[in-house]
Each structure stands twice: as C-alpha cells, then as structure tokens.
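The structure under discussion appears below in the form of structure tokens.
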Amino acid sequence: MTAEQLISFARGAPSLDIVDVEGLKAAAVRAFDADPAGVTAYGTSVGYPPLRKWIAEKHGVEADQVLVTNGSLQADAFLFDHLVRRGDAVVVERPTYDRTLLNLQRMGGEIHGVGIEPDGLDTAELRKLLESGVRPRLAHVIPNYQNPAGVTLSLDKRRELLDLAAEYGFTIFEDDPYADIRFRGEPLPSMLSMDTRGVVVHASSFTKTVCPGVRVGYLVGPASLIADIAKSATSLYISPGMVAQAIVHQFCVSGDIQRSIATVSSALGERAGVLAESLRRHLPEVTFVEPDGGYFLWVEFPDDVDVDRLAPAAAERGVAVVKGSDFMVDGGRHALRLAFSAVTADRIDEGVRRLSEAVAAVRG
Ligand SMILES: Cc1ncc(COP(=O)(O)O)c(C=O)c1O
C-alpha cells in the first residue's frame, strides 16, 4: 500500500494544506531580524520571554505563571513528574489521550478512569469515587473537543469539578490544546479562568493551531509551581528551543495565528461534517457524538465488532484507525478513534467505505 493510497484516520495532526508554511517562513525572517541575540542564545528554561508574555496576556495571568515548553506533552510530563508519586491516585477520563495515560501508568500512578458523557466527564461518577474514599493527587481533564471522544465539558460541570477539587484537595490538570479549533457554538471559559482557589494547572499548545513541528506548548499555573518546574527544566535541557518559540511569537503578534485558526477550524469543520455523513451512509449501525470542534470523532460499534480484528482488517484495506482500547486501561473493545484532521474532505467518504468493508469482513 503506498502512502498515497493509505487513508489515515490515525494521527491527530493537520494535513499540510492547512499549515501556513509561507506565514511561518515570513515569521522566521522577522524573528531573526527583530531579535537576533534572543533567538540565537540559550535563553532560560521558562521559554522565550516575549512569547511567554503573549501567552500570559492571552490567559489573563502574570508572565511568571507561564512556562513555555517543547510541545505540551512535555508540559504534561513536567507536571506529572512534579506532582505524582508512585502509588498516588490519579483520575483520568475514560477514554483519554493515550500518551498521558501511558506516562501516568509508567510513573506508577493508581489510575481511576471516570466515564465520559456527551457533555464531558461524568462528574456524578467522580463524586461517588471521591465519596468512596479515593483521594486523587490530580484529575487530568481535556475539556474541549476531547481527545479521543470529541466531547466538550459543559459550563455546569466545569463549576462542579472546581468545587470538587477544592473540597477534596486535588489539582485539576486542564489539558486544553483544542480550545481554539471550534466549528460551532460559543467558547466556554477555561477552568483556569474560573478558578479562584488555585486548584487548576492548565496546558495548551501551538501544535493544533499552527503545526506540530514547531513543538511549542506551555504550562500555566501558580508562580511557585512554575518556578519549581523551571528549575528541573534547567537541569534537563538548559532551555527549550528559542528559534521555534521566537517564530511562533512573530506568528502570534502579526495576527497570522488568527488566520491560521480560522483556516484550520473551517477545514476541520467541513471534514467532521463529511465524516459524520459518511458514517451515517456506510455504517448506520454505529453511534457517535458529532464534535463541535477539535480533531477527533469517537465511534462505537455493535458488540459483535471487535476492534482487535477490525483495525488490522481496515489496515489491509488501506485505512488506518486507532483502537478504542488504546485510550483506557480496560474496555474500548468496540470503539475506534477517527481523526479527521489529516484527511482531506474528498478522501473521507472513500475511507469510511473501506472501513465499512472491513466491518463486514470481521462480522462475516
Ligand atoms: C490532549 C492532548 N494533550 C497533549 C497533546 C500533546 O500535544 P503537543 O504536540 O503539544 O505535545 C495532545 C496531542 O495530540 C493531546 O491531544
């Protein structure tokens, strides 16, 4: 199967046609012209100061509450290293982002998966877990257009979660790289912006709005926590990549980022719509929640479709998917995550048609 024939719903990355390559090239030239010393020096572990300031202003916090990292997965890993010790209880969504789940497992965290509903984390289930005596160190929540389920945490549930965190003494880790990729509806306030009790640490990224290759993400939290993490970051790598951060800074201050967000959101809104239509046409027996933004759609199949058999059958037919079971400790045997970010609209229907052939083959 050549790369051209393969239709990949596997990776949460944008296709090249929606990356502003020319804008990034121009931003790079401006970055070197404007600040040759800052761009080419080591810098410090907190990141490129002008970008740090831009991020602080975006979130209405002080610059010393921001650490700019090499992608937000690094921000996630820094926070986990800082807060979680072997045996600590941690709450994750079920399903959740596979890489953070693996990292928490590797660190020896005692993982408690809490279910997801069409309006986000099942806070009633979380409350029961807390009432049963579990005392988590942190709850990892992806509030907007969740990876992998595509759902968004409602405003009421955001409030409830903040109350639970304050009452039971855990940190909400708000992992929010998709917030700006919205196709419909009004944006909801981040829990970071709603927090009056210092219970939220927030991470986000330029991966989904600019491109993954820049590897620029960030962590926002209490200044003392950021200072502690910055110390560990210095020992680890002296400083993150200043060239990439300076380019992103120029891309942001010029307003190019707003155009990029508009391009990505409009293309992905179209792709999500085509994907939903194709699923209804070729696979009427599946269920899914149509996302209002982001990169992913989560598909539930009937119980006689096992994704351990479906995923290879789909691969044989030139469609890459990720099994639901990769996103939780147990379960997910009848679900797939479909990323519509990297497949152009004209290829999606063919991808779903091939997937429906694979479903028929594993059922037959
Ligand atoms: C929820 C979530 N957090 C973190 C990341 C990591 O992103 P980055 O490319 O910024 O490291 C991703 C990427 O898919 C993600 O979905």
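The values are calculated or read from the model by the stated rules, or taken from the named source; none is laboratory data. As the structure is a prediction and not an experimental result, all values here were calculated from the model. Glycine gets a Cβ as well: all are built from the backbone with ideal geometry, and neighbour counts include every protein chain shown.
Number of residues in the range 1-25 that are in a helix (DSSP H, G or I) and touching a residue at least 40 places away in the same chain (Cβ under 8 Å) equals 4. Scanning the range 257-266 for residues that are surrounded by fewer than 20 Cβ atoms within 10 Å (Cβ to Cβ) and in contact with a helix residue (DSSP H, G or I) (Cβ under 7 Å, 6 or more places away or on another chain) returns a single hit, 263. Residue 30 meets the stated requirement of being touching a Ser or Thr at 6+ places or on another chain (Cβ under 9 Å), of a type in the set (Lys, Arg), part of a helix (DSSP H, G or I) and touching a residue at least 12 places away in the same chain (Cβ under 8 Å).
Evaluated against (1) within 16 Å of the ligand (Cβ to nearest atom); (2) outside the structural domain of residue 293 (by TED's automatic domain parsing); (3) not in a loop (DSSP other than H, G, I, E, B), residue 264 falls short on exactly one condition, (2).
Charged (D, E, K, R), under 21 Å from residue 259 (Cβ atoms) and at pLDDT 95 or above, is that true of residue 195?
It is false that residue 195 is charged (D, E, K, R), under 21 Å from residue 259 (Cβ atoms) and at pLDDT 95 or above.
For the range 298-308, a residue qualifies if it is surrounded by 15 or more Cβ atoms within 10 Å (Cβ to Cβ) and not aliphatic (A, V, I, L, M), and the qualifying residues are 298, 300, 301, 306.
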